[in-house]
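Report on the structure given below.
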Amino acid sequence: MRPTTAAAALLVALAPTAHATEAVEAHYIARVAGFRVMTIDVHAAIGPDSYRITARARSAGLATLATRFDQSATVEGAVTDAGIRPFRFRAEGAWQDETRRVDLALAETPPRIALDPPEVPEREPVPPTLARGGVDTLTALLAVSRQVGRLGARGCDLEVTVFDGRRLKKIALAPAGEGRAPGHPGLTAVRCRVEGRQLAGFWHDWDRAEAERPQTGMVWIAAPFEGAPAIPLRLEMGIDWLGTLVVTLSEARPPTLPTATR
């Protein structure tokens, strides 16, 4: 299965407050054709001038028979009147028993990219100059939920360039109204149409036309309980020939321990 950067990104976002730190812990379950394939745990803290988000994605259920992975990511950055600005993004984990690490200094121009293992001849590298202006996957959805929290459905009108160290993607969202989120009958959520298109970082042996084909889906965003920030409640995303990846929020709560931002 091709890594679903757009899908993973849409699971980890929340709207910041202008006066105090808001924090949330959330647990998601991903399914394909009704079968559990992945779990995602998120811990996010947004302060008046900084933010920190961590996420851990692990294969589960039937997916472990074909692809085993356990990956964690962290981003730290600034919240300003002009928008969200990431400083550093780090990711580390095991994919099919191979350890992979990414370290992006996104505040530098062009961004400094450190990969382990380094880019291989089988993949087209993403030039740092091309990645200039891109943000990591976690920051991308912080920006989306920030807009939804402030503007409602109009906040879905957004386009962002996402860079994870090895791939460059364009994520475009469009308003799709408001309504009940499946699985959360008591909540009214903002719906956003999602389209993700890879721009660079292709494997050389991929069919380019197929690799450039956009992945489309829908995300529902709302506060899961009173006083909570808006976060994704459900994501439906087409993923290659496997069909539709459905990710649902199964639990959201305030952090169990006090959280401070940078």
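The values are calculated or read from the model by the stated rules, or taken from the named source; none is laboratory data. Only a predicted model underlies this, so the values are computations on that prediction, with no experimental measurement involved. Note that each Cβ is placed from the backbone with ideal geometry, even for glycine, and that neighbours are counted across all protein chains shown. The accessibility values were calculated without ligands, DNA or RNA, using every heavy atom of the protein model including side chains. Shrake-Rupley method; radii C 1.70, N 1.55, O 1.52, S 1.80 Å.
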Surrounding net charge for Q96, when Lys and Arg each add one and Asp and Glu each subtract one, Cβ distance under 12 Å: -1
Name the most mobile residue of G179, G134, G165, meaning the one with the largest mean-square fluctuation, in a Gaussian network model of the chain with Cα contacts below 10 Å. G179
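Can you pull the semi-axes for the stretch 130-175, root of five times each eigenvalue of the Cα gyration tensor, sorted largest first, whole Å? All intermediate terms of the calculation are to be shown ahead of the outcome.
Numbers: eigenvalues 92, 19, 9 Å².
For the stretch 130-175, the ellipsoid semi-axes come out as 21, 10, 7 Å.
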Would you check the accessible area of M218, probe 1.4 Å, heavy atoms only, in square angstrom rounded to 10? 40 Å²
Let me know the charge dipole size of the stretch 171-262 about its Cα centre in debye, to the nearest 20, where only the beta-carbon of Lys, Arg (+1) and Asp, Glu (-1) is charged. 320 debye
Add -39500 (n - 2.57) for each DSSP H run of 4 or more in the chain, then divide by its residues: what number comes out at 222 nm, to the nearest 500 deg cm²/dmol? -2500 deg cm²/dmol
Sticking to Cα atoms, compute the Rg of the stretch 129-262 to one decimal and its Dmax as the biggest Cα-Cα distance, whole number, in Å. 16.2, 49
With the convex hull built on the alpha-carbon atoms of the stretch 16-137, volume per residue in Å³ sits at 128 Å³
Accessible area per residue of the chain at 1.4 Å probe, in Å²? 47 Å²
Write down the Å³ per residue value for the convex hull defined by the alpha carbon atoms of the chain. 123 Å³
By the scheme Lys and Arg +1, Asp and Glu -1, what is the net charge of all other residues having a beta-carbon under 10 Å from that of G201? +1
Could you give the nm distance between label points at R112 and R36, where each point is 7 Å from its Cα heading toward the beta carbon? 4.1 nm
Neighbours of L235 by Cβ distance under 12 Å: Lys/Arg at +1, Asp/Glu at -1, summed charge +3
Residues whose placed amide H lies under 5 Å from that of E76, excluding near-sequence neighbours: F87, R88
Probe radius 1.4 Å, ligands and nucleic acids ignored: give me the carbon and sulfur share of the accessible area of the chain as a rounded percent. 52 percent
Taking the Cα centre of the chain as the origin, how large is its charge dipole in debye, to the nearest 20, when only Lys and Arg (+1) and Asp and Glu (-1) carry charge on their Cβ atoms? 320 debye
Residue-wise, which Karplus ³J(HN,Hα) couplings in Hz belong to the stretch 145-157, taking 6.51 cos²θ - 1.76 cosθ + 1.60, θ = phi - 60°, and x for glycine or proline? 5, 4, 5, 5, x, 8, 10, x, 4, 5, x, 6, 7
Dipole magnitude (debye, nearest 20) for the stretch 76-203, charges at Cβ of Lys, Arg, Asp, Glu: 480 debye
Could you calculate the contour length gain from D240 to L65, that is, 0.36 nm times the residue separation minus the distance between their Cα atoms, to one decimal place in nm? 61.1 nm
Using only the alpha carbons of the stretch 65-107, determine the length spanned along each of the three principal axes and report them from longest to shortest in whole angstroms. 47, 17, 9
How large is the accessible surface of I171 in square angstrom, using a 1.4 angstrom probe and rounding to the nearest 10? 10 Å²
Shape box of the stretch 122-206 [Cα atoms, principal axes, largest first, Å]: 48, 25, 17
What figure, in Å² to the nearest 10, do you get for the accessible area of E124 with a 1.4 Å probe and non-protein molecules left out? 50 Å²
